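Have a look at the structure below, then the notes.
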Amino acid sequence: MRDLAAVRSELQIWTELSSDVINTVELLELAVEEEDDSLGGQLAIDLQKYTNTVASLEFELQLSGTYDSRPAILYVKQGAGGVDAQDWAEMLVRMYTRWAERRGFGFEVLDLTPGDGAGIKSAAIKIDGKYAYGYLRSERGAHRLVRLSPFDADHRRHTSFALVEVLPEADRTEELKINPDDVRVDVFRASGNGGQNVQKNSTAVRLTHLPTNVVVAVQNERSQAQNRDVAMKILLSRLVDLELQKQAEERAKLKGEHVAAEFGRQVRSYVQHPYHMVKDHRSDYQTGDAQGVLDGDLDDLLKASLSSQMESASASVGGAS
């Protein structure tokens, strides 16, 4: 039923667009026949709107991966740079949630570990919307920020890193693939804020998937049961992502090269001093509106990096054939 609803929604969008275009063409023909140029301005606006809509829909047709239509779980973690890196990690979380708001997507903070004095050490957020994972999967990797540090008394320029992981939300039926005997459950007291229940009781949960050694720890919720549910959701998504990585590595072998997402191999740089620029190092797309990007204006960057990945994948398939 869920798949049927998705197909109906997709069909409705194209059907309504087709109807709108036909109506506009008929109106244009009528205006030309009666030599009425008063509608020219509105018709030009309609044309631009339809052009933008078609371009967006054509791009979404490329998001045909198995999990592209699913919600995304983003895991943001501080990297090198001390308190500046913790602040940078928090800025990235704000950037992604602002992007979600711009697109009308829902988002939820699944887990958050505060930083030492400022920012965050790590956070897991779920973004739910049409093709959320498809759009965001290219964000995986190290993100670098260059700026005048607000935490440096001498106001010197600092470089900070944060690591972003993007996971597709696992379907509930995929939970059946996890053998309970393969998961070790540890409980402990949560750190940071959270009230008396969190401070006095062992509400935080750590799940370890023994066959893969994947570890997920969650302490954001007030009860052990809630934290365990969230941890299981993230664990399922990590296992799905592991399978995707295995498939990607197999494809990468055909190209003879595999580059891991690690610090020093940043996928994108955000520069706020001595000039303003954001550059994606995979697609070479760049913009001078660094603040706009940090405020959630990500669409052009996402499309450029996704298109670059798709072209690379197509080239490797063509070379292998």
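If neighbour count is taken as other Cβ atoms inside 10 Å, put 110, 17, 74 in order from fewest to most. Mind dumping the intermediate values first?
Details: 110 20, 17 15, 74 25.
Listing 110, 17, 74 from fewest to most nearby Cβ atoms yields 17, 110, 74.
Computed from the C-beta positions of residue 103 and residue 181, the FRET efficiency with R₀ = 30 Å rounds to 0.15. With a Förster radius of 45 Å applied to the C-beta separation of residue 244 and residue 277, the computed FRET efficiency comes to 0.90. Placing a pseudo-label 7 Å from each Cα along the Cα-to-Cβ vector at residue 12 and residue 116 gives an inter-label distance of 5.2 nm.
Dimensions of region 121-160 from C-alpha coordinates, computed as largest minus smallest value along each principal axis and given longest first, are 45, 17, 14 Å.
Across region 2-61, counting alpha-carbon atoms alone, Rg and Dmax equal 14.7, 49 Å. Looking at the square roots a ≥ b ≥ c of the eigenvalues of the Cα gyration tensor of region 10-128, which shape do they give, rounded for a/c under 1.5, prolate if a/b is larger than b/c, or oblate? The shape class here is prolate. Pairs from the table (77/279; 77/130; 49/233; 49/121) lying more than 32 angstrom apart at Cα are 49/233; 49/121.
Which whole-number percent is the relative contact order of the chain (Cα, under 8 Å, 6+ apart)?
Numbers: 521 pairs, mean separation 52.8, N = 321.
Taking the mean separation of contacting Cα pairs over the length of the chain, I get 16 percent.
Quick check: Cα centre of region 16-55 to Cα centre of region 109-165, how many Å? If you average the Cα positions of each part, the centres end up 44 Å apart. Put simply, the Cα atoms of the chain extend 79, 56, 49 Å along their principal axes, the longest span coming first. Sequence-ordered 3J(HN,Hα) estimates for region 154-160 from the Karplus curve with 6.51, -1.76 and 1.60 and θ = phi - 60° stand at 8, 6, 7, 7, 10, 10, 10 Hz, glycine and proline given as x.
Remark: 232, 277 ranked as 277, 232, counting other beta-carbon atoms within 10 Å and listing the fewest first.
Only sites in a loop by DSSP and with at most 12 other Cβ atoms within 10 Å count here; which GluC sites (Glu not before Pro) in region 1-95 make the cut? Counting only loop positions with at most 12 other Cβ atoms within 10 Å, the GluC sites (Glu not before Pro) in region 1-95 are 34, 35. Here region 76-192 is assigned +1 on the Cβ of each Lys and Arg and -1 on the Cβ of each Asp and Glu. Its dipole about the Cα centre then comes out at about 500 debye.
Under the 0.36 nm per residue contour assumption, what length would be gained going from the current alpha-carbon distance of residue 22 and residue 226 to full extension? Walk me through the numbers on the way to the answer.
Numbers: separation 204, 0.36 × 204 = 73.44 nm, distance 5.18 nm.
Extending this stretch completely gives an extra 68.3 nm.
The packing ranking of peptides 297-303, 159-165, highest mean first, is 159-165, 297-303, where packing means the average number of other beta carbon atoms within 10 angstrom of each residue. In this rough spin-label picture, where each label sits 7 Å from Cα along the Cβ direction, the residue 64-residue 29 distance is 3.3 nm. Listing 276, 143, 155 from fewest to most neighbouring C-beta atoms within 10 Å gives 155, 276, 143.
Bear in mind these aren't lab numbers, they're just calculated from the coordinates by the rules spelled out. What you are looking at is a predicted structure, and each value in this text was computed from that prediction instead of being measured. Neighbour counts run over all protein chains shown; Cβ positions are idealised from the backbone, glycine included.
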